[in-house]
Amino acid sequence: MSIWVIFKLLGSLALLMFGMKSMSEALQKMAGPQLRHVLGAMTTNRFTGMLTGMLVTASVQSSTATTVMTVSFVNAGLLTLAQAISVIMGANIGTTLTAWIMSAGMSFEITDMVYPAFFLGIMLIYLKKYRYIGDFLFGLAFLILGLGTLRMTGTQMDLGHNEALLNFFSSFDPNSFLTTLIFLFLGGVMTFCVQSSAAVMAITMILCSSGVLPIYQGIALVMGENIGTTITSNLAALSANTQARRAALAHMFFNVFGVIWILFIFRPFVDMVCGLVGYDTTMVKSQVSHEAFIANAAKLSFVLAAFHTCFNVANTFILIWFIPQIERFVCWVIKSKNVDEEEDFRLHFITAGFMKTPELSVLEAQKEIQAFSNRMQRMFEMVRELLTLSSSTNKKDNKDGDFNKLFTRIEKYEGISDNMELEIAKYLDQVSDAHLSDETKAKIRAMLREISELESIGDANYNMARTISRKYNGKQDHFNEKQYSHINQMMELTEQSLTQMNRLMSGRKEAYDVNHTFNLENEINNYRNQLKAQNIVDINNHEYTYAVGTIYMDLINECEKLGDYVVNVVEARMGQRQKYI
């Protein structure tokens, strides 16, 4: 075999994989946020969840994309794990459309169509308004070109007369159950190594169509591909959170269970699929004309696609009734961690193993920023609790050092906020290197501004905690009742502002009235100005010392600054220009 033929084979596989990736990304860009809203809204029960997973996966040509979005919704509390499992089942059916596209590419001479597609695609890309359609056409053209080149290379290699290959495959007993298991294992290993079930499916179609690989062994390879692709997602989920690992395990359970029961009725099931397509399994090359044998072999790629679809549809029909049991099983295998995840700095939505397409990456980053925002409000609540502890007239009341423990926790949160800003910014920087839609570029700019302001909220919280600690550990007098009342009232306004911010971060900005935040900010500013003027009067009247007044106003001013940062976060999320610096 010529070295150039091998390179041609590898190159055509690369074209195929690149075409699939480009097509999927373009479809996701065209669908945009609407796709995510559909996925969140149409999963009210197991059947609508399954249909949604099927339609979304068929639309974006990527079961991985659907699975990732589903896991994100589970983490956000928009979907239960049971609903997510139904969506993943549907995604397994939707992904079989890829096999049908490939079987059409293998069976018909459609390579000539790629050149008009390339020409039309480049025109649409330069017509900025339709560039996503152009990207899709380019991806589809590369996919078809890869399939066509693969088919021609297979013909050029004349695999049907390759003695070495024929001898290798004929060395396996076609009627042996062990042979089926061996090819099942080979399919899983090949998919895991290549990291693309589509590429392995293309190789299987070439081998079967050339007459080298019997259909039963070919279908065993396809079954192995189903398991191999889940191994990849489970390894990727190792660095993810508990719900992501449970969803990945449910996906693996679905495919492994399907392979186990199909093995018991393997031959009858394959014969049934062959009968549906019209493929004659009994035809022998030496007993019929060459034309009849070629015409029968041409149906093999459709047999593989039909088996892939029938297998996933039948498996879904069986398992969809046992979703609660599957949920309990994966929760039993992967138990929740006992550690306090709030105290453990780790990005919960962004993980190294899950770097997806840019559009999905932005969704993951948005969920992480939402968690960041919630964390900053919890940090503020700790500051309020610290103030309450500091108001004790006798330090011995804190026998267990509650004050120092809480201050240490706040200190840790400040470090976490710094790390979160850096890690999310680093991730968004990686995403921004990709080819993005204008809407996604604007989102990334807004997100970078959001995390900067959220980190400033963390700094403001820490500054207040240090001020309280300085007063608690120093020799200054305690605040009087009126000062405590004013500080608590200011903190209550600030808390309301943070609550409004988190309501926006966790919902849709179209449903948010930004005037709530602006009104609260004006109220905070006016109250700060009022307290500032009153403070001077109270010091002159000797109601408290200048030192106590300074600490008192430091807390009031820091609350006002925090309110400004909240407004900046809200404006960034709403896409408005910054007012407060």
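Some observations on this one:
- Residue match in the range 284-303 (condition: under 18 Å from residue 223 (Cα atoms), at pLDDT 70 or above and either within 27 Å of the chain's Cα centre (by Cα) or not in a helix (DSSP H, G or I) (or both)): no
- Within the range 167-192, considering residues that are at pLDDT 75 or above and of a type in the set (Ser, Thr, Tyr), the one nearest to residue 14 (Cα to Cα): 191
- Subset of the range 468-524 [among the hydroxyl-bearing types (Ser, Thr, Tyr) and farther than 30 Å from residue 403 by Cβ]: 506, 512, 517
- Sole residue being modelled with pLDDT under 75, farther than 30 Å from residue 19 by Cα and surrounded by 14 or more Cβ atoms within 10 Å (Cβ to Cβ), chosen from 398, 338: 398
- Scanning the range 198-235 for residues being of a type outside the set (A, V, I, L, M, F, W, C), open to solvent by 20 Å² or more (accessible area, probe 1.4 Å) and closer than 26 Å to residue 296 by Cβ gives a total of 5.
- Within the range 29-43, being in a helix (DSSP H, G or I) and either modelled with pLDDT of 75 or more or open to solvent by 10 Å² or more (accessible area, probe 1.4 Å) (or both) holds for 29, 30, 31, 33, 34, 35, 36, 37, 38, 40, 41.
So that you can scan it fast, the table gives a plain yes or no per residue for (1) more than 30 Å from residue 136 (Cβ to Cβ); (2) modelled with pLDDT of 90 or more; (3) part of a helix (DSSP H, G or I); (4) open to solvent by less than 50 Å² (accessible area, probe 1.4 Å):
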position	(1), (2), (3), (4)
427	no, no, yes, yes
436	no, no, no, yes
455	yes, yes, yes, yes
461	yes, yes, yes, yes
471	yes, no, yes, yes
491	yes, yes, yes, yes
494	yes, yes, yes, yes
505	yes, no, yes, yes
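- Test: residue in the range 44-56 that is part of a helix (DSSP H, G or I), surrounded by fewer than 23 Cβ atoms within 10 Å (Cβ to Cβ) and at pLDDT below 75: no
- Residues that are among the polar types (S, T, N, Q), modelled with pLDDT under 80 and open to solvent by 50 Å² or more (accessible area, probe 1.4 Å) number at least 2 in the following helices (runs of 4 or more DSSP H) confined to the range 86-166: 131-157.
- When 281, 309 are checked against the criterion of being outside any helix (DSSP H, G or I), surrounded by 14 or more Cβ atoms within 10 Å (Cβ to Cβ) and at pLDDT below 90, 281 stands alone in meeting it.
- Cβ-Cβ under 8 Å pairs, at least 6 apart or on other chains, the range 502-528 side more than 18 Å from residue 449 (Cα to Cα), far side basic (Lys, Arg) and part of a helix (DSSP H, G or I): 512/503
- Any hit, the range 21-28, residues being of a type in the set (Asp, Glu), modelled with pLDDT under 75 and part of a helix (DSSP H, G or I): yes
- On inspection, residue 537 does not qualify as in a helix (DSSP H, G or I), β-branched (Val, Ile, Thr) and within 23 Å of residue 388 (Cβ to Cβ).
The values are calculated or read from the model by the stated rules, or taken from the named source; none is laboratory data. All values reported here derive from a predicted model rather than from experimental measurement. For neighbour counting, all protein chains shown are included, and Cβ atoms are generated from backbone atoms with ideal geometry for every residue, glycine included. Each accessible area value is taken on the protein alone, full model and side chains, heavy atoms only, with ligands, DNA and RNA left out. Shrake-Rupley method; radii C 1.70, N 1.55, O 1.52, S 1.80 Å.
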